[in-house]
Amino acid sequence: MNRKIKSIISIICLTAIIITGCSGMTNSNISGSQSDDLLWWQKTNAYEIYVNSFQDSNGDGYGDLNGIRSRLDHLKSLGVGAVWLTPVYESPMRDNGYDVADYYAINPHYGTMEDMDALMKEANEKGIRVVMDLVFNHTSDQNEWFIASKKSRDNEYSDWYIWRDPKEDGSEPNNWRSIFGGSAWTWCEERQQYYLHTFAVEQPDLNWENPDVRQALYDIANFWIEKGAGGFRMDAIPYIKKPADFSDGPADDAEGRADIHKMTVNTDGILDFLKEFKTKVTDGKDIFTVGEANGVSADQLKYWVGSEGVFDMIFEFSHVNLEFKESETWCKTGDWKLTDLKKALTDSQKATAANGWYPIYFENHDKSRSIDHFFPGNTDPVLAGKALGTVLLTLRGTPFIYQGEELGYTNVAWDSIDDYDDLNSHSQYEMALSEGFSEEEALDCVHRFSRDNARTPMQWDSTEQAGFTTGTPWLPVHDDYKTENADVESKDPSSVLSWYRKLTALRGEKDVLINGAYSELLSESEEIYAFERKNGNDRMVVLVNFTGEETAYDPDKAGIKEADGEKILHSSYEDIKGAEPASIGVLRPYEAVLIGR
Ligand code: GLC
């Protein structure tokens, strides 16, 4: 078949997929599910790929689209039906793609538009839909819209960004601190005005008040739907609406600045913009949307998701930001207890029980590895990885696995701040120094929270550079790659990967894990996270010991007394599989147990 005919057929197939509601596209593990009233994306598992670090196919040290194509079977082995790619658009890469220069072009580091089409087609054939990351709060300063906007105050694009005059003394319009540190305003000589950037200097914020800006963004989203995207992750979405009042905020750092997050997040009126987005882009399409919504809490979920909401799901942050009491300043953390984590998760489960849906996650490309995050100290990483994986894959919602999480990856700790690529690590380091922390303390905070922890290359096998690249990787491979890699773990039935495969397969077999209602058990316990999933007579009990000690529990209180016919389906220690649950009453260090029929 010649190439032209092939590509016509592929376009017809993609169009059919969009129109027919993706029939036959659901993950094969899940097919035969009784959860008929749920949609494909509620019944599948999602996986996030940090494109820079997943698989390089051409030896330039950067992951790319053809690399992803070659690893689709890895996703399939985890029952993945939706893969979220971090931004693949043309970008100067100041923030690794979250600074978009052209939303209609593929970053040459990652390949071409033809590679993207081929990836979508192959992924679709394997029952996996590609989810695009829409970075709509800001663009790159290299985007042609910004290049035009900064030229003058009276051209077509002048009002596409947020420009303000200086204060009378010539200083910034207000004292807001950007999320990546320093003033949120940067002076533009050409226009003789400041522009606002919630993130880096090179990421100017778009002016959503301007209807032309909104329409341009909707056009981009529709372009990607027509290409066959299965959904969108909406980057930094709660910042798109700015308050009418741009006055100073209460200072909270040594330089007298106020956290922009607190000043602009979830501003009244934001939902009107997003309702418009829904009407003009997503309504009636067989795709899903998931908003990155730091600052939107469980009690506000009803406005954001569900029948009255604007998205299908939002990534809520309360369970991953437990140590940040004031702002996300890495050196200013507080303690948290297991009951805080359980409450955060339970609140979101409750808030989406009757209306809306929840994306379950512990990791993404902005967070450190969850094993270190939730089990600081000398934890057994295999057991800890299985413990967290158990919660991830058994709560109610769509699990989002982040690359490497299924392999039990842990943080890196490099010797010097100069070894770090992540721009936020550098600004947090500087901020810590200006707050009076020593260099050693500041580096320690970077070790704990650097985004590079999650960005080291995927480890596929024990060969040099872990099979990620034949060249020099853009970020060093973790030094544990000889033992922690997909190849070794695939062959080891007791590995974290084997556990993930087991539980993702179980989600396909046991409907109750998809449609069962959630209720927390042993809610007072500071050692055990326990909950039940229940749908009529069908139920599953999940018990996870979050401590390194043997921990007794009362099977009665754990709701397993009358569990007739129920048995231990799986334990992360494997040896008690099939045992009578009521006879147990004790969990070994970090043990995770699933009880059901
Ligand atoms: C989101 C992204 C993060 C990026 C920021 C600015 O939080 O997840 O990686 O740096 O937005 O776009």
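Points worth noting:
- Taking only Cα atoms of the chain, radius of gyration then Dmax in Å: 23.9, 77
- In terms of its C-alpha gyration tensor, the stretch 151-221 has an oblate overall shape, because the principal axis ratio a/c (a ≥ b ≥ c, square roots of the eigenvalues) is not below 1.5 and a/b does not outweigh b/c.
- Packing-based exposure ordering (other Cβ within 10 Å, fewest first) of 113, 263, 132: 113, 263, 132
- A cut-off of 5 Å between modelled amide H atoms, ignoring neighbours fewer than 5 places along the same chain, links residue 587 with 551, 552, 553.
- The length gained on full extension between residue 58 and residue 482, counted as 0.36 nm times the residue separation minus their Cα-Cα distance, comes to 150.4 nm.
- Label point at residue 339 placed 7 Å out along Cα→Cβ; residues across the stretch 512-534 whose backbone nitrogen lies under 17 Å: 520-531
- Taking 287, 106 and counting other C-beta atoms within 10 Å, the order from fewest to most: 106, 287
- Tilt relative to the chain, helix 338-351 - C-alpha long axis, 0 to 90 degrees, to 10: 80
- The ellipsoid that matches the Cα gyration tensor of the stretch 323-411 has semi-axes, each √(5λ) in whole angstrom, of 21, 18, 12, with the longest given first.
- Within the stretch 522-567, trypsin sites (Lys or Arg not before Pro) in DSSP loop having at most 14 other beta-carbon neighbours inside 10 Å: 557, 561
- Using the Cβ of residue 518 as centre and a radius below 13 Å, the other residues enclosed give a net charge of +3, where K and R count +1 and D and E count -1.
- Note on residue 279/residue 156: beta-carbon distance plugged into 1/(1 + (r/R0)^6) with R0 of 30 Å gives a FRET efficiency of 0.75.
- Computed about the Cα centre, the dipole magnitude for the stretch 59-186 is approximately 440 debye when only Lys and Arg (+1) and Asp and Glu (-1) carry charge, each at its Cβ.
- Loop sites in the stretch 98-180: chymotrypsin sites (Phe, Trp or Tyr not before Pro), DSSP, at most 11 other Cβ within 10 Å: none
- Here's how it looks for residue 231: its modeled amide H is under 5 Å from those of 132, 288, which are all 5 or more places away or on a different chain.
- Residue order, fewest to most beta carbons within 10 Å, for 524, 90, 328: 524, 328, 90
- Inter-part distance where the stretch 167-197 and the stretch 468-484 are each reduced to a Cα centre, Å: 40
- Above-threshold pairs, the threshold being 21 Å between Cα atoms, out of 43/577; 386/502; 242/325; 150/280; 76/285: 43/577; 242/325; 150/280; 76/285
- Remark: the stretch 213-229, residue by residue, has Karplus-estimated 3J(HN,Hα) of 5, 4, 5, 4, 6, 5, 4, 4, 4, 5, 4, 6, 5, 4, 6, x, 4 Hz, where x stands for each Gly or Pro and the curve is 6.51 cos²θ - 1.76 cosθ + 1.60 at θ = phi - 60°.
- Amide H to amide H distances under 5 Å link residue 188 with 193, 194, 195, where only residues 5 or more positions off or on other chains count and H is placed in the peptide plane.
- Cut-off 10 Å between beta-carbons: net charge of the residues surrounding residue 301, Lys and Arg +1, Asp and Glu -1: -1
Quick note: the coordinates plus some simple rules give every number you see, no bench work behind them. As the structure is a computational prediction, the values presented were derived from the model and not from experiment. Note that each Cβ is placed from the backbone with ideal geometry, even for glycine, and that neighbours are counted across all protein chains shown.
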